[in-house]
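Structure first, then comments.
The values are calculated or read from the model by the stated rules, or taken from the named source; none is laboratory data. None of these values were measured; they are calculated from a predicted model. Glycine gets a Cβ as well: all are built from the backbone with ideal geometry, and neighbour counts include every protein chain shown.
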Amino acid sequence: MKKYSLVICGGGSTYTPDLMELLCYAQKEFPLKKIVLYDTDAERQEPIGKYGEVLFREYYENVEFYYTTDKKSAFQDMDFAFVQIRAGGLAARNMDEKIPYRYGCIGQETCGAGGLAYGIRSVPQMIQLIRDIREYAPDAWIINYSNPAAIVAEATKRVFPDDKKLINICDMPTQIMDSYLPLVGKKRWQVEPRYFGLNHYGWFTGLIDKETGENLLPEILRICTETPDKVRRMLAEMYGRDPHWGGTFQEHLDMILDYPYSLPSTYCLYYLYPDKCLAHYNEHFTRYDEVMRGRGSNVNSYCSSIAKLGKMKGTEYDIGAHINAAAGNIAEASSSTIAYNDVHAAYLIELATSIINNRNDICLVMVQNNGLAPNLDPGMMLEAACRIGRQGVEPIQIGEVPSFEKGLLENQYACEKLLVDAIFEHSYQKLLQAFAVNRIICDTDRAKKILEDMIKENGSLWVEFERQG
Ligand code: NAD
Ligand code: G6P
Ligand code: MN
């Protein structure tokens, strides 16, 4: 059986330890001969790399593992590159989220002014990284998670139009499927999704039972509308250990009750209920602070403790029983032990195995519209159901989208397109337009104030914007 080589870019990411653990669970399904971590920040990657050395030595027979900041040793002859970088690091996320609050609007990682600011850092770094990977691994599948994925996808579509092995993805739809499918007693690998939208701004229109061909979504929506308290309790139990996502899913259910004909992304909350979302945080405390106290510090101390011990087997960190239970397959794997964001890793592995086994699973990825939804801009990078196999991504027709969703999407696409134009053309005018057209920012004077602070505080992390032109 062929074994593959994988590089994880953004090796120091808070998501890397869970991903490495899930690679151990899925070793029969996704057999690897080499796993490499790559990061530009050696210090940040070090504890995670040291944890990886112990993990793979003890639980992954004959795999070669190392971590590096050197591009050649990271990318040469790779079959897969999983990308999860955060341009500017978490400190920049803090800035993105705090500045908008000074001017009374939501600061968020991917939506509104925060997401746009992140896009300005992410686009040039992602383009450079893809060029670097392609220099050493022209045939590798590059599967990118780095945010803001909608803006990254709009930019990579323009720069790498013929690169069929570059795929931008998001784990949120997968998380939403896992959250609501228990209502009809199904697991996500038993259904095929139908979905349309921009990334973090989309709607499920179908969840098709693979066995019977039945669309399960109407039944899920019926249960939500007729017995919301039951659904509320289920979601509360599911997200009991995570107040942020617990609260998000309660509000998500409220959104379903307001628009009970499709299943929206949780991120639609920021656009459709900006007042409510604004009240969750403030200028001094945002999601960044929660992540630093939670996932950020847990991952670090977990990895450092194992690195210090130098072993996992026979210690409180032993995952041997989980590995045996999984029997090499991701579908059987129990939840990972570190940050519990299994969906993130599982979705990457599901996509990769659909490719290597030419399984042609229907997955949600970002793809150019080109008539899939004929009443939306043909250039729009839609998140949509596609067959994924060795030949790449084959999208499934969507059809005309309703007026409400069309209006929202065209508005947001104008914003994202203008932002990418602004980055490539160094145009302050287009930058201002991108901010002013955004539904969460809205007002030109407010956009100008936010931009003034962001330009100053991002410094050289942003390209320069010229005021004329
Ligand atoms: P993080 O800051 O903990 O990790 C990112 C890592 O990337 C850091 O170690 C950093 O040093 C490294 N990095 C930054 N720029 C780099 C570059 N140019 N080349 C190589 N490495 C670089 O962030 P995190 O919270 O773990 O998130 C990682 C990324 O994954 C973010 O972009 C986040 O938004 C994204 N993410 C996306 C999804 C999705 O649904 N698409 C889901 C989860 C996370
Ligand atoms: C979901 C989204 C990602 C986002 C992440 C943020 O997984 O799909 O795009 O990066 O949540 O989570 P955080 O816990 O960092 O706020
Ligand atoms: Mn996402």
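For region 164-190, residues that are of a type in the set (K, R) and within 16 Å of ligand 2 (Cβ to nearest atom) total 1. Restricting region 117-155 to residues that are among the polar types (S, T, N, Q) and surrounded by fewer than 18 Cβ atoms within 10 Å (Cβ to Cβ) leaves a set whose member that is farthest from ligand 2 (Cβ to nearest atom) is Q128. The set of residues from region 392-411 being in contact (Cβ under 8 Å) with a residue 40 or more places away in the chain and not hydrophobic (A, V, I, L, M, F, W, C) comprises G392, E405. Of the candidates T40, T14, the single residue that is over 23 Å from D77 (Cβ atoms) and either polar (S, T, N, Q) or in contact with a Pro (Cβ under 8 Å, 6 or more places away or on another chain) (or both) is T14. For region 1-105, the strands (runs of 3 or more DSSP E) that sit wholly inside it and include 3 or more residues that are more than 16 Å from ligand 2 (Cβ to nearest atom) and either at negative phi or buried (at least 24 other Cβ atoms within 10 Å of the Cβ) (or both) are 4-9, 32-38, 64-68. Taken over region 178-197, the residue count meeting the criterion of being free of Cβ contacts under 8 Å to residues at least 60 places away in the same chain, of a type in the set (D, E, K, R) and either farther than 16 Å from I223 by Cα or in a strand (DSSP E or B) (or both) is 1. For F424, the conditions (1) in contact with a strand residue (DSSP E or B) (Cβ under 9 Å, 6 or more places away or on another chain); (2) within 19 Å of A153 (Cα to Cα) all hold with the exception of (1).
G112 passes every criterion in (1) in contact with a Leu (Cβ under 8 Å, 6 or more places away or on another chain); (2) closer than 30 Å to L207 by Cα apart from (1).
With respect to D171, determine if the residue is away from ligand 1 (no atom under 14 Å from the Cβ) and more than 18 Å from Y413 (Cβ to Cβ). No, not satisfied.
Annotation note: of A434, A422, A447, A414, the sole residue that is surrounded by fewer than 17 Cβ atoms within 10 Å (Cβ to Cβ), in contact with a helix residue (DSSP H, G or I) (Cβ under 8 Å, 6 or more places away or on another chain) and either without any contact (Cβ under 8 Å) to a residue 12 or more places away in the chain or in a helix (DSSP H, G or I) (or both) is A414.
Here is a yes/no grid of residues against (1) outside any loop (DSSP other than H, G, I, E, B); (2) touching a residue at least 12 places away in the same chain (Cβ under 8 Å); (3) more than 15 Å from ligand 3 (Cβ to nearest atom); (4) within 18 Å of the chain's Cα centre (by Cα):
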{"site": "H244", "(1), (2), (3), (4)": "yes, yes, no, yes"}
{"site": "T248", "(1), (2), (3), (4)": "yes, yes, no, yes"}
{"site": "M255", "(1), (2), (3), (4)": "yes, yes, yes, no"}
{"site": "P260", "(1), (2), (3), (4)": "no, yes, yes, no"}
{"site": "L269", "(1), (2), (3), (4)": "yes, yes, no, yes"}
{"site": "R293", "(1), (2), (3), (4)": "yes, no, yes, no"}
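Scanning region 420-448 for residues that are closer than 19 Å to C111 by Cβ and of a type in the set (K, R) returns R439, R446. Answer yes or no: is there a residue in region 156-164 that is crowded, with 21+ Cβ neighbours inside 10 Å and touching a helix residue (DSSP H, G or I) at 6+ places or on another chain (Cβ under 6 Å). No, that holds for no residue. Would region 289-302 turn up any residue that is within 30 Å of G206 (Cβ to Cβ), within 16 Å of ligand 2 (Cβ to nearest atom) and modelled with pLDDT of 95 or more? No, region 289-302 has no match at all. Determine if region 223-242 includes at least one residue that is within 24 Å of the chain's Cα centre (by Cα) and within 16 Å of ligand 1 (Cβ to nearest atom). The answer is yes, given that some residue of region 223-242 is within 24 Å of the chain's Cα centre (by Cα) and within 16 Å of ligand 1 (Cβ to nearest atom). Are any of the residues in region 138-148 more than 21 Å from the chain's Cα centre (by Cα) and more than 16 Å from ligand 3 (Cβ to nearest atom)? So far as region 138-148 goes, yes, one or more of its residues are more than 21 Å from the chain's Cα centre (by Cα) and more than 16 Å from ligand 3 (Cβ to nearest atom). If you check every pair at least six apart or on different chains, which have Cβ atoms under 7 Å apart with a residue in region 305-329 that is among the aromatic types (F, W, Y) first and a residue that is surrounded by 17 or more Cβ atoms within 10 Å (Cβ to Cβ) second? From region 305-329, the pairs are Y317/I306. Based on this model, can you work out whether I208 counts as over 24 Å from N147 (Cβ atoms), more than 16 Å from ligand 3 (Cβ to nearest atom), touching a Phe, Trp or Tyr at 6+ places or on another chain (Cβ under 8 Å) and not aromatic (F, W, Y)? Spelling it out, it is not the case that I208 is over 24 Å from N147 (Cβ atoms), more than 16 Å from ligand 3 (Cβ to nearest atom), touching a Phe, Trp or Tyr at 6+ places or on another chain (Cβ under 8 Å) and not aromatic (F, W, Y).
Taking the criterion of being within 16 Å of ligand 2 (Cβ to nearest atom), assigned to a loop (DSSP other than H, G, I, E, B) and touching a strand residue (DSSP E or B) at 6+ places or on another chain (Cβ under 7 Å), the only residue of region 198-228 that qualifies is N199. E350 passes every criterion in (1) surrounded by 19 or more Cβ atoms within 10 Å (Cβ to Cβ); (2) touching a residue at least 40 places away in the same chain (Cβ under 8 Å); (3) more than 16 Å from ligand 2 (Cβ to nearest atom) apart from (3).
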